[in-house]
1. How would LEU110, LEU349 rank on accessible area, largest to smallest, probe 1.4 Å?
2. With every protein chain present, what accessible area does SER323 have (1.4 Å probe, heavy atoms only), rounded to the nearest 10 Å²?
3. So what is the 222 nm mean residue ellipticity for the chain from helices alone, if each DSSP H run of at least 4 adds -39500 (n - 2.57) and you divide by all residues, rounding to the nearest 500 deg cm²/dmol?
4. Do any trypsin sites (Lys or Arg not before Pro) in the range 339-411 lie in a DSSP loop with no more than 11 other beta carbon atoms within 10 Å, and if so, which?
5. Among all the lysines, which ones have a C-alpha under 16 Å from LYS417's C-alpha, if same-chain residues fewer than 8 places away are not counted?
6. Between the helical axis of 74-83 and the dominant principal axis of the chain, each derived from Cα atoms, what acute angle in degrees is found, rounded to the nearest 10?
7. Picking from THR340, ALA393, PRO60, whose Cα lies most toward the positive end of the charge dipole for the chain (charges on Cβ: Lys, Arg +1; Asp, Glu -1)?
8. In the chain, if the dipole is taken from +1 on Lys/Arg beta carbons and -1 on Asp/Glu beta carbons about the Cα centre, which of TYR163, SER51, ASN231 is farthest to the positive end?
Amino acid sequence: MASLSLTQIRGSNPVTEFTRLRLKTQRGRSNTGFLKVVGSQGQNQGEPDLSVTVNGLHMPNPFVIGSGPPGTNYTVMKRAFDEGWGAVIAKTVSLDAAKVINVTPRYARLRAGANGSAKGQIIGWENIELISDRPLETMLKEFKQLKEEYPDRILIASIMEEYNKAAWEELIDRVEQTGIDALEINFSCPHGMPERKMGAAVGQDCALLEEVCGWINAKATVPVWAKMTPNITDITQPARVSLKSGCEGVAAINTIMSVMGINLKTLRPEPCVEGYSTPGGYSSKAVHPIALGKVMNIAKMMKSEFDLEQYSLSGIGGVETGSDAAEFILVGANTVQVCTGVMMHGYGLVKKLCDELKDFMKMHNFSSIEDFRGASLEYFTTHMDLVRRQQEAIQQRKAIKKGLQSDKDWTGDGFVKETESMVSN
């Protein structure tokens, strides 16, 4: 698909272009690219600084409440700010909340253990929940109240609309009037109302995505993040389209389309609503490796094709520890979102996340997030390159044999040890 220039996408309205250009000049963008120099081992440094500035938005730490139940009303968003979260993304809103009808139960959990086990650790979480069912006016009043009470904290509105330019423009205008700091566009909800061309129905269609991003970025006067769906062959394609169409950042990933399981006693799928179910969005610890891979691919694409000082990347997926967050930052994320983790562990989780991330930074003598953001990207390559590197290493080591080089080297007696010799951790 041929790419369009920003002027072609946004239209030729000089007032809109001037307003948006002035906004970007005033607010600024993230002020550095990916890591080039690591911390010095053994150097005595003070307490690590977790603060980040992303698209001109200053946050005390990179931890962001992800859009969903943890940002569903004033009370819980206020709690998030009071607990110390770096930013809050509210639950997705649209113009007409009357069309949003949820069911109960709407969650199902996967535990590490036998099917139906109630004792194992929760590793997977499925939801069939829709966007906010609260009236838009109510949510807007609460956004405004939060910004009045917390003027220096970052509140991001998540929005989603049907395939209708006027509706998108109206929603953006009404939401921006509350004083929110940025917009996250939900191009990725995997269930709900695809027949209305909402959510992932847009994010999976790059031509449609380009058009809708054009509408949004011609209207918006605050930074815009496009939230990516993982339910697509190559996630870098919609990410590229979103950035080329004027978005200041991308967020990845939203939940993965799934069927949580089948109850082997009743033979009914979970979550079970009047004996029936529907595929939903999968999250929690089990999706973390998948999310890391998607974020890494987006970050590599951004590094090779875009000016990193102008764009941001928010990592999402299975974050419950500071180590989980560090991994996202190491593959290029500016911020890290948490939604299911808050539903499982509460808003106080942010203190644990901050402490553990600081411990990681101290271990490597990193003083800021930018000291190590993207540090691991250079170590991802192709399988062909891995073969070349290993062949060169074997030649250098000569007599030092590590692992098996061919299938003919396997033996029956030493099978377990031979397997272990090729495990990296």
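The values are calculated or read from the model by the stated rules, or taken from the named source; none is laboratory data. Predicted model only: the values in this text are computed from it and were never measured. Every residue, glycine among them, receives a Cβ derived from its backbone with ideal geometry; neighbour counts consider all protein chains shown. Each accessible area value is taken on the protein alone, full model and side chains, heavy atoms only, with ligands, DNA and RNA left out. Shrake-Rupley method; radii C 1.70, N 1.55, O 1.52, S 1.80 Å.
1. Working: LEU110 60, LEU349 10 Å².
Solvent-accessible surface, decreasing: LEU110, LEU349.
2. 80
3. Details: 14 runs with 152 residues, N = 425.
About -11000 deg cm²/dmol.
4. Numbers: sites: LYS351, LYS352, LYS358, LYS362, ARG373, ARG388, ARG389, ARG397, LYS398, LYS401, LYS402, LYS408; in loops: ARG373, LYS398, LYS401, LYS402.
Passing both the DSSP loop test and the Cβ count: LYS398, LYS401, LYS402.
5. LYS401, LYS402, LYS408
6. On a 0 to 90 degree scale, this one is about 40.
7. Of the listed residues, the answer is ALA393.
8. ASN231
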